[in-house]
Amino acid sequence: MKIALTIGASDPTSGAGIQMDLKVFHSLKIYGISIITAVTAQSTSEFFLTYPMPVEVIEAQFETLLRDMKPDGAKTGMFYSKEALLCVIEKIKKFNIKKFVVDPVIISTLGAKLIEDEALKILKEQLIPLSMAVTANIPEAETITGVKIEKVDDVYQALKKLYEMGTSLAIVKGGHFKEKTVDILYDGENFYKAEDEKYCGEFHGTGCAFSSAFLSFLCLGYEPDEALMNTKNFVKNAIKNALKLGHGMRLLKID
Ligand code: PXL
């Protein structure tokens with residue numbers, strides 16, 4: 001059985017963060033393991049606080065777990081602190097994780113800041129160059145690349161910049177466009193486009209579901225363009241069947 005590692009924060013709703021990633025891995029028949037960088041207190045309608053894990057605890061999770069199990073791939077989500085990020089960078093290098101997907105988590109759907117400013121600079125300069133893929137939504141791609149994205153064509157420019165920052169597969173998810181969703185992947189040579197109709201409503205955790213599904217398909221041996229199409233379909237179904245279980249955002253249904 002393939003093993004995928006998620007490195008990120010706990011979301012008590014299970015709608016995002018490591019809980020969501022583990023559900024996605026399980027659904028795609030991959031054994032999921034996890035390392036926690038921070039604990040959040042949040043609901044579907046309120047983001048209350050972030051408690052960053054002490055860096056010694058993050059380090060201990062890596063050393064203990066990865067001495068025993070070798071993941072086929074890994075992804076990162078929320079780091080919050082600069083110390084957490086620097087520790088993860090060191091461990092990704094040390095344990096030589098090749099299939100490595102970065103979900104550049106910056107702000108939560110409810111507007112909470114999920115990364116310190118100093119850490120964001122390190123994410124761009126030191127984490128992205130280690131990655132096989134970066135999965136950014138439009139606001140994240142704008143922040144990281146400095147390209148203002150107003151129409152689909154602007155995405156191509158942002159993708160080139162993202163690729164130049166050192167990833168092998170730059171992905172910008174276009175869920176934030178009005179009539180349709182367009183996800184585009186750039187591998188340095190070709191652009192691959194996955195288009196779909198857009199579902200209305202406020203959903204929690206689509207970015208986490210996308211990045212963990214994409215990593216899963218890479219671990220299962222799919223080529224990047226096939227992995228993109230499969231991921232698109234997977235996330236689309238989870239959004240189509242989303243559940244209103246709390247008072248706020250709907251939660252994706254992972255079967
Ligand atoms: O979707 C980004 C994200 C990642 N990780 C955690 C989150 C969120 C968004 O709320 O809470 C823990």
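Considering region 177-189, the residues that are more than 28 Å from ALA4 (Cα to Cα) and either free of Cβ contacts under 8 Å to residues at least 24 places away in the same chain or within 14 Å of the ligand (Cβ to nearest atom) (or both) include one that is most open to solvent (accessible area, probe 1.4 Å), namely LYS178. Selection of region 120-164 for residues being of a type in the set (Ser, Thr, Tyr) and over 18 Å from the mean Cα position of the chain (by Cα) yields only TYR156. In the condition set (1) touching a residue at least 12 places away in the same chain (Cβ under 8 Å); (2) outside any helix (DSSP H, G or I); (3) open to solvent by 30 Å² or more (accessible area, probe 1.4 Å); (4) away from the ligand (no atom under 16 Å from the Cβ), LEU65 is compliant with all but (2).
In summary, TYR192 fulfils each of the numbered conditions (1) out of contact with any Leu (no Cβ under 7 Å at 6 or more places or on another chain); (2) open to solvent by 50 Å² or more (accessible area, probe 1.4 Å) with the single exception of condition (1).
Residues that are within 16 Å of the ligand (Cβ to nearest atom), open to solvent by 40 Å² or more (accessible area, probe 1.4 Å) and over 15 Å from LYS124 (Cα atoms) do not occur anywhere in region 87-95.
Residues that are open to solvent by less than 60 Å² (accessible area, probe 1.4 Å), of a type in the set (Phe, Trp, Tyr) and either out of contact with any Gly (no Cβ under 9 Å at 6 or more places or on another chain) or within 16 Å of the ligand (Cβ to nearest atom) (or both): does region 154-169 have at least one? Looking for residues that are open to solvent by less than 60 Å² (accessible area, probe 1.4 Å), of a type in the set (Phe, Trp, Tyr) and either out of contact with any Gly (no Cβ under 9 Å at 6 or more places or on another chain) or within 16 Å of the ligand (Cβ to nearest atom) (or both), one finds at least one in region 154-169, hence yes.
Set side by side, the residues LEU110, LEU120 differ, and just one is surrounded by fewer than 23 Cβ atoms within 10 Å (Cβ to Cβ), in contact with a Ser or Thr (Cβ under 8 Å, 6 or more places away or on another chain) and within 19 Å of MET20 (Cα to Cα), which is LEU110.
So, in region 1-14, of the ones that are assigned to a strand (DSSP E or B) and away from the ligand (no atom under 12 Å from the Cβ), which residue ends up nearest to SER216 (Cα to Cα)?
ALA4
Taking region 15-40 as the region of interest, how many residues are more than 10 Å from the ligand (Cβ to nearest atom) and either surrounded by fewer than 18 Cβ atoms within 10 Å (Cβ to Cβ) or β-branched (Val, Ile, Thr) (or both)? Qualifying residue count for the region: 8. In region 186-209, which residues are in contact with a strand residue (DSSP E or B) (Cβ under 9 Å, 6 or more places away or on another chain), closer than 20 Å to LYS161 by Cβ and not hydroxyl-bearing (Ser, Thr, Tyr)? The answer is ASP187, GLY188, PHE191, LYS193, GLY207.
Taking region 204-230 as the range and being within 15 Å of the ligand (Cβ to nearest atom) and in a helix (DSSP H, G or I) as the test, the residues that pass are THR206, GLY207, CYS208, ALA209, PHE210, SER211, SER212, ALA213, PHE214, LEU215.
The values are calculated or read from the model by the stated rules, or taken from the named source; none is laboratory data. A quick note: this is a predicted structure, and the numbers were derived from the prediction, not measured. Neighbour counts run over all protein chains shown; Cβ positions are idealised from the backbone, glycine included. We work out accessible area using only protein heavy atoms, side chains counted, and drop any ligands, DNA or RNA first. Shrake-Rupley method; radii C 1.70, N 1.55, O 1.52, S 1.80 Å.
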